[in-house]
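Undergrad: Once you've had a glance at the structure underneath, I'll fire off some questions.
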Amino acid sequence: MAEGGIKLGNNWRYESMLFPDGFGISVGTRDVYNKNYSTGNDQFSWGTRNFGFSLSPRFGYSVFRNFLVGIDLKYIRNNYSYSPFKDEDKGYDRGKGYGFFVRKYFGAKKFTPFIEGEFGFWSLKNFEHSTSPGGGLYESTGKHDLAYYGGAFGYSYSAGSRFKLNLMAKLQHTEVTSPNYSYYKELDFDSALVLSFSYFLNRKEKL
């Protein structure tokens, strides 16, 4: 089985870097204005420009009837730049990792419920150019390691012998640590709706 989908929600908040799922592209801007008290007019203060994308293919194999095991690959990146948009005002957030999942279908009807369990490992990196209190420019890099586990439940619609459309609610618990700080630890719990499309390469009777 090969599968891909989209997460039905905001993919570019910090929390979504911990819980990327599906394929997507995001383009956005943010402009901040302050009032000029001398003239009474709004005055541009600073802004950002963002471009991001995520890739999350899944591959599974049916070990017996209505039961799949597979691997989950994920990559997400968000590039951004600050006003006045010079080379030293650019940065990015990047997450990449892998996981494993099992899925159990309850029956083989047109609409079939299923449950899923998964676990995996991640690494996150943030890079940007920063300015020191003395006015000097330097490169700032942050790294984090993640371990997650979670599950999902939902319904699958069979659009033919090889195609399935899945809508699932996913729950995930993530533990975040930093290799640079031995005392740092963060625990996150997230949920999301995911719409995915499955293609079975060699659908046999046992499925």
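Undergrad: Being under 23 Å from the mean Cα position of the chain (by Cα) and surrounded by 15 or more Cβ atoms within 10 Å (Cβ to Cβ) is the filter here; which residues of segment 60-70 pass it?
TA: Once the filter is applied, which keeps residues that are under 23 Å from the mean Cα position of the chain (by Cα) and surrounded by 15 or more Cβ atoms within 10 Å (Cβ to Cβ), segment 60-70 yields GLY60, LEU68, GLY70.
Undergrad: Any residue in segment 165-181 that is within 23 Å of LYS109 (Cβ to Cβ) and touching a residue at least 60 places away in the same chain (Cβ under 8 Å) sitting within a Cβ distance under 7 Å of a residue that is open to solvent by less than 70 Å² (accessible area, probe 1.4 Å) and part of a strand (DSSP E or B)? List the pairs, counting only those 6 or more apart or interchain.
TA: Qualifying pairs under 7 Å: ASN166/GLY154; ASN166/SER156; ASN166/SER196; ASN166/SER198; LYS170/GLY150; LYS170/ALA152; LYS170/ALA192; LYS170/VAL194.
Undergrad: Within segment 14-66, restricting attention to residues that are among the charged types (D, E, K, R) and farther than 20 Å from SER196 by Cα, which residue is modelled with the lowest pLDDT? Give the steps one after another, and end with the answer.
TA: Step one: filter segment 14-66 for residues among the charged types (D, E, K, R), giving 15, 21, 30-31, 35, 42, 49, 58, 65.
Narrowing the set further to residues that are farther than 20 Å from SER196 by Cα leaves 15, 30-31, 35, 42, 49, 65.
Values: GLU15: 52, ARG30: 82, ASP31: 84, LYS35: 83, ASP42: 83, ARG49: 84, ARG65: 88.
Ranking the candidates gives GLU15 first.
Undergrad: Right, here's the next one. Out of GLU175, GLU118, which single residue is under 24 Å from PHE19 (Cβ atoms) and either open to solvent by less than 40 Å² (accessible area, probe 1.4 Å) or not charged (D, E, K, R) (or both)?
TA: On the way: GLU175 fails: either open to solvent by less than 40 Å² (accessible area, probe 1.4 Å) or not charged (D, E, K, R) (or both).
Exactly one residue qualifies, and that residue is GLU118.
Undergrad: Then there is this: If I filter segment 27-41 down to residues being open to solvent by 70 Å² or more (accessible area, probe 1.4 Å) and free of Cβ contacts under 8 Å to residues at least 12 places away in the same chain, which single residue comes out as nearest to ILE76 (Cα to Cα)?
TA: From segment 27-41, those open to solvent by 70 Å² or more (accessible area, probe 1.4 Å) are 27, 29-30, 33-35, 37-39, 41; that's our starting set.
With free of Cβ contacts under 8 Å to residues at least 12 places away in the same chain added as a condition, the list becomes 34-35, 37-39, 41.
Numbers: ASN34: 33, LYS35: 37, TYR37: 42, SER38: 44, THR39: 44, ASN41: 39 Å.
Among those that are open to solvent by 70 Å² or more (accessible area, probe 1.4 Å) and free of Cβ contacts under 8 Å to residues at least 12 places away in the same chain, it is ASN34.
Undergrad: State whether the residues of segment 85-92 include one that is among the small types (Gly, Ala, Ser) and modelled with pLDDT of 90 or more. Before you say what the answer is, go through the steps one by one.
TA: Filtering segment 85-92 down to residues among the small types (Gly, Ala, Ser) leaves 91.
Next, only the ones that are modelled with pLDDT of 90 or more stay: none.
Checking segment 85-92: not a single residue is among the small types (Gly, Ala, Ser) and modelled with pLDDT of 90 or more.
Undergrad: Consider ALA147 carefully, then state whether it is in contact with a strand residue (DSSP E or B) (Cβ under 7 Å, 6 or more places away or on another chain) and either surrounded by fewer than 11 Cβ atoms within 10 Å (Cβ to Cβ) or at pLDDT below 90 (or both). Steps first, answer last, please.
TA: On the way: in contact with a strand residue (DSSP E or B) (Cβ under 7 Å, 6 or more places away or on another chain): yes; either surrounded by fewer than 11 Cβ atoms within 10 Å (Cβ to Cβ) or at pLDDT below 90 (or both): no.
In short, no.
Undergrad: Same structure, new question: GLY160 passes all but one of (1) in contact (Cβ under 8 Å) with a residue 12 or more places away in the chain; (2) farther than 22 Å from LYS7 by Cα; (3) over 18 Å from the mean Cα position of the chain (by Cα); (4) open to solvent by 20 Å² or more (accessible area, probe 1.4 Å); which number fails?
TA: The number of the failed condition is (1).
Undergrad: List every residue pair whose Cβ atoms lie under 7 Å apart, where the two residues are 6 or more positions apart in sequence or sit on different chains, the first residue falls within segment 196-207 and is at pLDDT below 90, and the second residue, located anywhere, is not in a loop (DSSP other than H, G, I, E, B).
TA: LEU201/ALA2; LYS206/SER62; LYS206/PHE64; LEU207/SER62
Undergrad: Among the listed residues VAL69, VAL102, identify the single one that is more than 21 Å from ILE6 (Cβ to Cβ) and touching a Phe, Trp or Tyr at 6+ places or on another chain (Cβ under 7 Å).
TA: Details: VAL102 fails: touching a Phe, Trp or Tyr at 6+ places or on another chain (Cβ under 7 Å).
VAL69 is the lone residue from the list that is more than 21 Å from ILE6 (Cβ to Cβ) and touching a Phe, Trp or Tyr at 6+ places or on another chain (Cβ under 7 Å).
The values are calculated or read from the model by the stated rules, or taken from the named source; none is laboratory data. The shown structure was predicted, so the numbers you read here are calculated from the model rather than taken from an experiment. Reconstructed Cβ throughout: ideal geometry from the backbone, glycine too, with neighbour counts over all protein chains shown. To get the accessible areas, we keep the full protein, side chains included, count just its heavy atoms, and leave off ligands, DNA and RNA. Shrake-Rupley method; radii C 1.70, N 1.55, O 1.52, S 1.80 Å.
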